[in-house]
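To start, the structure itself, in structure tokens.
The values are calculated or read from the model by the stated rules, or taken from the named source; none is laboratory data. Bear in mind the structure is a predicted one, so any value in this text is a computation, not a measurement. Cβ: placed from backbone, ideal geometry, glycine included. Neighbour counts: every protein chain shown. What goes into the accessible areas is simple: the full protein's heavy atoms, side chains included, and nothing from ligands, DNA or RNA. Shrake-Rupley method; radii C 1.70, N 1.55, O 1.52, S 1.80 Å.
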Amino acid sequence: MKDYLSATDAISKEKFVDKNRLGCVGASYGGYSAFMLAGIHNNRFKSFIAHDGIFDMRSMYGTTEEMWFVNYDWGGPYWDKKNAAAQKSYTQFNPINYVDKWNAPIMVIQGGKDYRVPIEQGMQAFQAAQLRGVKSKLLYLPDENHWVLSAQNALVWHREFYKWLEETMPPPDKTKKGF
């Protein structure tokens with residue numbers, strides 16, 4: 001996360017970058033990153049889009065079909081209090097622990113047949129944003145998995161993606177389309 005923020009700060013120094021229209025977009029690990037950065041970005045980003053991202057590592061551990069990743073990457077189950085690596089994963093690196101700092105609009109995209117990052121991850125993130133009063137939108141694609149394969153759903157995905165950016169980060173001259 002520090003690398004993302006450092007890179008954002010570095011590129012923001014360039015004249016061609018509009019610092020008032022920085023957005024954070026990601027899918028899979030990038031979706032996790034968007035959820036995480038939404039809580040620690042210190043007002044760098046004006047909008048977020050998270051596609052099939054992990055929102056709560058604890059509930060993810062109990063619902064994913066891909067146990068190898070959660071055991072290897074996170075160090076094991078959250079209930080193993082003697083495992084310092086796992087405890088750090090479930091506290092310091094868990095996006096749900098930073099929701100109280102969410103302050104920018106967020107769009108959550110979730111596939112209904114994603115068994116790697118199950119539906120409850122996107123639903124929890126959207127619900128958290130709604131309950132906090134953060135402008136938010138949920139794009140739920142019930143027949144898609146971790147990626148969008150249907151041509152019709154891909155059209156919907158792209159239309160909603162760009163509509164969200166246009167809505168949450170309009171170009172300075174509102175007569176022009178910016179994305």
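In this structure, is ASP173 more than 19 Å from GLY31 (Cβ to Cβ), out of contact with any Gly (no Cβ under 6 Å at 6 or more places or on another chain) and open to solvent by 90 Å² or more (accessible area, probe 1.4 Å)? Please lay out each step first, then the result.
Numbers: more than 19 Å from GLY31 (Cβ to Cβ): yes; out of contact with any Gly (no Cβ under 6 Å at 6 or more places or on another chain): yes; open to solvent by 90 Å² or more (accessible area, probe 1.4 Å): no.
Criteria not met by ASP173.
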Selected residue (criterion: farthest from VAL117 (Cα to Cα)) from residues of region 14-29 that are of a type outside the set (S, T, N, Q) and surrounded by 17 or more Cβ atoms within 10 Å (Cβ to Cβ): ARG21
Residues that are surrounded by 15 or more Cβ atoms within 10 Å (Cβ to Cβ) and in a loop (DSSP other than H, G, I, E, B), drawn from region 104-134: ALA104, PRO105, ASP114, ARG116, VAL117, PRO118, VAL134
Residue match in region 49-64 (condition: over 15 Å from GLN124 (Cβ atoms), open to solvent by less than 10 Å² (accessible area, probe 1.4 Å) and at pLDDT 95 or above): yes
Pair list, Cβ < 8 Å and 6+ apart or interchain, from region 153-179 residues that are under 15 Å from LEU139 (Cα atoms) to residues that are modelled with pLDDT of 95 or more and exposed (fewer than 14 other Cβ atoms within 10 Å of the Cβ): ASN153/ASP143
Residue list for region 9-24, restricted to those being within 28 Å of GLN121 (Cβ to Cβ) and either in a loop (DSSP other than H, G, I, E, B) or out of contact with any His (no Cβ under 8 Å at 6 or more places or on another chain) (or both): ARG21, LEU22, GLY23
